[in-house]
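Novice: The following block contains the structure, expressed as structure tokens.
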Amino acid sequence: MRTLKRTWPFHVMLLPAIIFLIIFSYVPMGGIIMAFQNYKPWLGISGSEWVGLDNFRYLFEREDSLQVIWNTLIIAVLKLIFNLFVPFVFAILLNEVRKMAVQRTIQTLVYLPHFLSWVILGGILIDLLSTGGLVNRVLGTFGLGPYFFLGDNSWFRSTVILTDVWKEFGYNMIVFLAALAGINPALYEAAEIDGAGRWKQTLHITIPSLVPMLMVVGTLALGNVLNAGFDQIFNLYNPLVYQTGDIIDTFVYRSAMQNGEMGFATAIGLFKSVISMILILVSYSLAKKYAGYRIF
């Protein structure tokens with residue numbers, strides 16, 4: 001009760017979001033029962049045949065299901081790593097720019113891609129990365145290519161990861177810039193008096209000061225490790241790259257919307273949700289233990 005008296009304003013602040021979550025996330029969870037049925041839309045949940053765990057067994061027996069899980073883990077983990085490393089490094093580099101006008105211009109330019117949807121960017125990238133697109137034309141001047149970036153299994157994953165990092169690193173950099181702004185300037189002044197140059201100051205003050213925030217962001221990102229980016233993959237992939245580009249979310253979409261396997265698609269989604277929930281709990285515990293991060 002003592003804690004509640006101290007934190008009640010935070011709970012009130014969260015109330016609208018909680019109501020929204022209950023209506024749009026928890027109420028529809030009643031449909032999870034379809035994961036245990038041979039669901040037929042014309043029969044409904046009450047009339048469809050109960051099959052128990054058959055959909056889950058089928059999930060692990062199908063070769064394409066295991067490939068989809070593997071694809072999701074590879075793409076999501078690599079996105080997580082690069083979406084931590086690139087913003088971290090770029091924030092440090094941008095912090096060294098002394099002219100504020102130049103710094104703000106660069107910030108604005110790298111923020112912009114985040115606010116464009118993958119529907120728009122997907123169309124742009126398909127044109128740019130096609131065999132006759134601008135990228136291959138530039139590579140052709142150096143005697144390279146053409147490469148089928150979005151239609152070749154050996155190139156698709158790399159293309160997806162690099163384009164996602166390009167789109168998001170500017171926005172992900174905000175948290176590191178905020179951490180940089182919170183570093184005590186007296187530390188740099190003392191280091192400068194001791195004869196430390198900018199490189200030494202960055203190595204011994206800036207980076208150690210950012211490491212706790214890096215740990216927090218990294219551990220909390222573990223909860224989304226199975227979210228490899230449905231919007232991006234859906235707008236960029238095609239049947240030629242299903243082997244390396246198909247992820248859980250796109251597989252669920254095709255199973256449900258194109259093949260009519262509603263029960264099987266629900267089983268895959270439930271499997272993903274349970275794993276994600278476990279990862280969120282683990283990542284929050286790690287953030288609290290090693291970085292002192294907690295919501296309340």
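The values are calculated or read from the model by the stated rules, or taken from the named source; none is laboratory data. What you are looking at is a predicted structure, and each value in this text was computed from that prediction instead of being measured. A quick note on method: Cβ atoms are made from the backbone with ideal geometry, for glycine too, and the neighbour counts reach across all protein chains shown. Surface accessibility is based on the protein's heavy atoms, side chains included, excluding ligands, DNA and RNA. Shrake-Rupley method; radii C 1.70, N 1.55, O 1.52, S 1.80 Å.
Novice: When the residues of the range 63-77 are narrowed to those that are of a type outside the set (Phe, Trp, Tyr) and without any contact (Cβ under 8 Å) to a residue 40 or more places away in the chain, which ends up surrounded by the fewest Cβ atoms within 10 Å (Cβ to Cβ)?
Specialist: GLU63
Novice: Within the range 194-253, how many residues turn out to be in contact with a Leu (Cβ under 8 Å, 6 or more places away or on another chain) and of a type in the set (Val, Ile, Thr)?
Specialist: Here the count works out to 7.
Novice: Something else now. (1) assigned to a helix (DSSP H, G or I); (2) surrounded by 11 or more Cβ atoms within 10 Å (Cβ to Cβ); (3) in contact with a helix residue (DSSP H, G or I) (Cβ under 8 Å, 6 or more places away or on another chain): which one isn't true of PHE60, the others all being true?
Specialist: All conditions pass for PHE60, except number (2).
Novice: Given the criteria open to solvent by 50 Å² or more (accessible area, probe 1.4 Å), farther than 24 Å from TYR171 by Cβ and of a type in the set (A, V, I, L, M), does LEU240 qualify?
Specialist: Against the criterion (open to solvent by 50 Å² or more (accessible area, probe 1.4 Å), farther than 24 Å from TYR171 by Cβ and of a type in the set (A, V, I, L, M)), LEU240 qualifies.
Novice: Of all the residues that make up the range 128-169, how many are among the small types (Gly, Ala, Ser) and closer than 15 Å to ILE233 by Cβ?
Specialist: Initially, the range 128-169 is screened for residues among the small types (Gly, Ala, Ser), giving 130, 132-133, 140, 143, 145, 151, 154, 158.
Within this subset, residues satisfying the condition of being closer than 15 Å to ILE233 by Cβ are 151, 158.
Selection size over the range 128-169: 2.
Novice: If you don't mind, another one. Look through PHE24, PHE20, PHE82 and report the one residue that is part of a helix (DSSP H, G or I) and in contact (Cβ under 8 Å) with a residue 12 or more places away in the chain.
Specialist: Checking each option against the conditions leaves just PHE82.
Novice: Among all residue pairs at least 6 apart or on different chains, which show Cβ distances below 9 Å where the first residue, located in the range 194-220, is in contact (Cβ under 8 Å) with a residue 12 or more places away in the chain and the second is open to solvent by less than 50 Å² (accessible area, probe 1.4 Å) and of a type in the set (Ser, Thr, Tyr)?
Specialist: From residues that are in contact (Cβ under 8 Å) with a residue 12 or more places away in the chain, the pairs are GLN201/TYR188; ILE205/TYR188; THR206/TYR188; GLY218/SER283; THR219/SER283; LEU220/SER283.
Novice: Also, I was wondering about something else. Sort out which residues of the range 40-57 are outside any helix (DSSP H, G or I) and open to solvent by less than 40 Å² (accessible area, probe 1.4 Å), and write them in order of number. Quick ask: steps written out before the conclusion?
Specialist: Residues of the range 40-57 that are outside any helix (DSSP H, G or I), as a first pass: 40-43, 48-53.
The answer is SER48, VAL51, GLY52.
Novice: All but one of (1) exposed (fewer than 10 other Cβ atoms within 10 Å of the Cβ); (2) without any contact (Cβ under 8 Å) to a residue 12 or more places away in the chain; (3) not in a loop (DSSP other than H, G, I, E, B) hold for THR3; which doesn't?
Specialist: Here THR3 meets the rest and fails (2).
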